[in-house]
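Step one of this worksheet: look at the structure below.
All of the numbers you see were taken from the coordinates with simple rules; none came from a lab. Remember, it's a predicted structure, so these values are computed and weren't measured experimentally. Counting neighbours? That spans all protein chains shown, and the Cβs are built from the backbone with ideal geometry, glycine included.
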Amino acid sequence: MSQNLAAFFYLIASVCFILALRGLSSPRTARVGNFYGIAGMVIAVVTTLLTPHVVSYWLIIAGIVVGGAVGTYIALNIQMTALPQLVAAFHSLVGLAAVCVAAAAFTAPQDFGIGVPAAIERASLVEMSLGMAIGAITFTGSVVAFSKLQGLVSGRPLMFPGQHYLNAGLGALLVVLIAVVVATGAGAVFWLLLLLSLALGFLLIVPIGGADMPVVISMLNSYSGWAACGIGFTLSNSLLIVTGALVGSSGAILSYIMCKGMNRSIVNVILGGFGAEGGTVVAGGADAGDRSVRSGSAEDAAFILKNAGSVVIVPGYGMAVAQAQHALREMADLLKKEGVAVRYAIHPVAGRMPGHMNVLLAEANVPYDEVFELDEINRDFPSTDVAFVIGANDVTNPAAKTDPNSPIYGMPILDVERAKTVLFVKRSMASGYAGVENELFYRNNTMMLFGDAKKMCEEIVKAME
Amino acid sequence: MADPAALAERARELAGDAGRLAHGLQALAYQLAAQSPAATGPAGGVPFVYELTVFVLAVFVGYHVVWRVTPALHSPLMSVTNAISSVIIVGALIAAGPAGISFAKVMGFVAVALASVNIFGGFIVTQRMLQMFQRKK
């Protein structure tokens, strides 16, 4: 296949990838979009295999068969609640693949047409080093994110003195090393660059707490794109450049949306340490100690829900942990049979990855036109009879609007307090991730339902029948 | 001092020299153009600024396409972008492609395997997610 023809097919693949993202603008077109993505990938791989640079196929076929089998097995067997850690793990693979390709290009530049060993073109060295450094950061960063999400290590932020100076120093050192690699083309410096990039990826994610993971995953998503871009520049391959840029900007936009959902800057999230206090509760007011909480049983909740005209369900990470989505949908079905209008309200940062709650509700067969985003539903709370908060806390805390000293001040929240009655399904009175007490618990129109989210839903269903 | 006739003669000589030089330069340029495709591999001889153009335009396309994605589908967006970023397999295939065996080829093999996990895993998980999104019956 001639170079021109190959470039033409790469162009078609790029367009397929753009259409794949375009399809996601609506759930109706999304599946077609995914097929465009698959088609684009097939075109890209076949085109590359037909170029004259690929002459030996056995190792390639072995790689695709082994990798494909592993990927297929994992994807078919993964639980939807484990999605965030799966995506983190997949990001790490892209990062590592980028590192491998950069290492191959550095040791055998003649295969890539960018010079001969020890005399690689300057521009290619810049692009290669950048691609490898970003790939390495993506790799170790994603491994840390995966470990936190999977619960292999504590989700608490890990801080130590001088951490930010160390990271900044390491970042500066990486830039210097890239300059040295470009100037001298020295192999030793190139490998040192790899090691330090791996270390930096690890150190960058370690101080970031579990509930900031939506931002971290989006950020790593973005990095994996930029790494592909760096390799694309090295190979002068427009398909890699276009795809890398698409993925890179997509991840960046998601990070921005997640940060806005928490009213925090990306710098604030990256510096980490948020939620470090853990158990220590910042008292909402002076008389926090002797305020009383009204707690109820599943029967009470069933009675209130049945007699309501409209219910809005607010799911959070607690629902995912308890795997309560199916029981919750059963409860909602019974309510609908009783003639109650049921809707769902989703905060942008609920869960551990963007859109996490939407996927879980979809898994439980909740129709997507009953699920609403924050700005679509917030003004309806005053006319809602019951707000049913299940496994969410900080995203409903009115302190975000009223208390300028609160760490979550300014964060957009779901106005559940305006509903006539608020039901809170929670395991205990513990504060949420931000370590802030939620004064809603003490309001007269609030009833706490203590217990596991799934069990509570099942008991409410029993009580209603 | 030099008379006008000698000056004119000298000018004619110089003009001739310039013409020959220009001719030689053109020949060299042709030669260079003829040789460069042979000297380039997959990387081709594309000027950096063209690549940069493609990059910047693609960032804009990405920006506009992604803002139109409905928030409900942000998880599938993440897994599908993850799958398509494995297009890095193109570089891996070139690394694993040459005959014989070398460090670079092994690296290429590893990258092909890793990217394949991602391609199959990413697209299948996305498909599983998207199948679950349905309308009210």
Rounded tilt (10° steps) of A:187-205 against the dominant C-alpha axis of chain A: 0 degrees
As straight-line cross-link partners of A:Lys462, the qualifying aspartates and glutamates (C-alpha separation under 15 Å, not fewer than 8 residues apart within one chain) are A:Glu299, A:Asp300, A:Glu330, A:Asp333, A:Glu338
Taking chymotrypsin sites (Phe, Trp or Tyr not before Pro) that fall in a DSSP loop and have at most 15 other Cβ atoms within 10 Å as cut points, what is the longest piece of chain A between them? A:58-408
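Let me have the 222 nm mean residue ellipticity of chain A computed from DSSP H runs of 4+ only, each contributing -39500 (n - 2.57), with the sum over all residues rounded to the nearest 500. All intermediate terms of the calculation are to be shown ahead of the outcome.
Numbers: 18 runs with 274 residues, N = 465.
After summing the helix terms and dividing by the residues of chain A, the value is -19500 deg cm²/dmol.
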Computed over the Cα atoms, what is the radius of gyration of the stretch A:166-237 divided by 2.2 N^0.38 Å, N being its residue count? 1.28
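Let me check I've understood the local charge: for A:Ala104, count other residues with C-beta under 13 angstrom from its C-beta, Lys and Arg +1, Asp and Glu -1. What total comes out?
0
Just want the ordering: A:Glu373, A:Glu437, from fewest to most Cβ atoms lying within 10 Å of their own Cβ.
A:Glu373, A:Glu437
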Among A:Gly169, A:Gly63, A:Leu192 - extreme Cα towards positive end, dipole of the protein assembly as shown, charges at beta-carbon: A:Gly63
What is the dipole size for the protein assembly as shown, taken about its Cα centre, with +1 at each Lys and Arg Cβ and -1 at each Asp and Glu Cβ, in debye to the nearest 20? 760 debye
Percent relative contact order for the stretch A:48-181, counting Cα pairs under 8 Å at least six residues apart, stands at 26 percent
How far, in degrees from 0 to 90, does helix A:3-23 lean away from the longest principal axis of the Cα atoms of chain A, to the nearest 10? 0 degrees
When the charge dipole of the stretch A:298-436 is computed with +1 at the Cβ of Lys and Arg and -1 at the Cβ of Asp and Glu, the Cα pointing farthest to the positive end, of A:Phe388, A:Gly309, A:Ala430, is that of A:Ala430
The answer for A:Thr446, listing residues at least 5 apart or on another chain whose modeled amide H is closer than 5 Å to its amide H, is A:Val422
Per-residue ³J(HN,Hα) for the stretch B:77-86, Karplus 6.51 cos²θ - 1.76 cosθ + 1.60, θ = phi - 60°, Hz, x for Gly and Pro: 4, 5, 6, 6, 5, 4, 5, 6, 5, 6
Take the Cβ-Cβ distance between A:Val176 and A:Val55 as r, set R0 to 25 Å, and report the resulting FRET efficiency rounded to the nearest 0.05. 0.05
Pairing the Cα long axis of helix A:58-77 with the longest principal axis of chain A, what angle in degrees results, from 0 to 90 and rounded to the nearest 10? 0 degrees
When the Debye formula is applied to the Cα atoms of the protein assembly as shown, each taken as the same point scatterer, what base-10 log of I(q)/I(0) results at q = 0.10 Å⁻¹? -0.86
Contact order normalised by residue count of chain A, Cα under 8 Å, 6+ apart, percent: 14 percent
How big is the charge dipole of the stretch A:282-423 about its Cα centre, in debye rounded to the nearest 20, if each Lys and Arg gets +1 on its Cβ and each Asp and Glu gets -1 on its Cβ? 80 debye
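Quick check on the exposure proxy: order A:Met213, A:Met447, A:Met1 from fewest to most C-beta atoms within 10 angstrom.
The most exposed by this proxy come first: A:Met1, A:Met447, A:Met213.
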Just tell me the longest site-free run in chain A, where the sites are trypsin sites (Lys or Arg not before Pro) in a DSSP loop having at most 14 other beta-carbon atoms within 10 Å. A:1-290
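Add +1 for every Lys or Arg and -1 for every Asp or Glu among the other residues with Cβ under 14 Å from the Cβ of B:Ala96, and state the total.
Overall, the nearby charge balance is 0.
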Taking every pair of Cα atoms in the stretch A:18-110, average 1/r, invert it to obtain the Kirkwood radius, and report Rg/Rh to two decimals. 1.02
Taking the Cβ-Cβ separation of A:Arg156 and A:Tyr256 as r and a Förster radius of 22 Å, what is the calculated FRET efficiency to the nearest 0.05? 0.30
Averaging sequence separations of C-alpha pairs under 8 Å and six or more residues apart, then dividing by the length of the stretch A:99-138, give the relative contact order as a whole percent. 43 percent
Projected area averaged over all directions for the convex hull of the alpha carbon atoms of the stretch A:7-161, nm², comes out at 13.2 nm²
Least to most buried among A:Glu376, A:Glu127, by other C-beta atoms within 10 Å and fewest first, runs A:Glu376, A:Glu127
Which of the pairs A:Lys148/A:Lys426; A:Lys306/A:Lys426; A:Lys260/A:Lys420 have their Cα atoms more than 30 Å apart in this structure? none
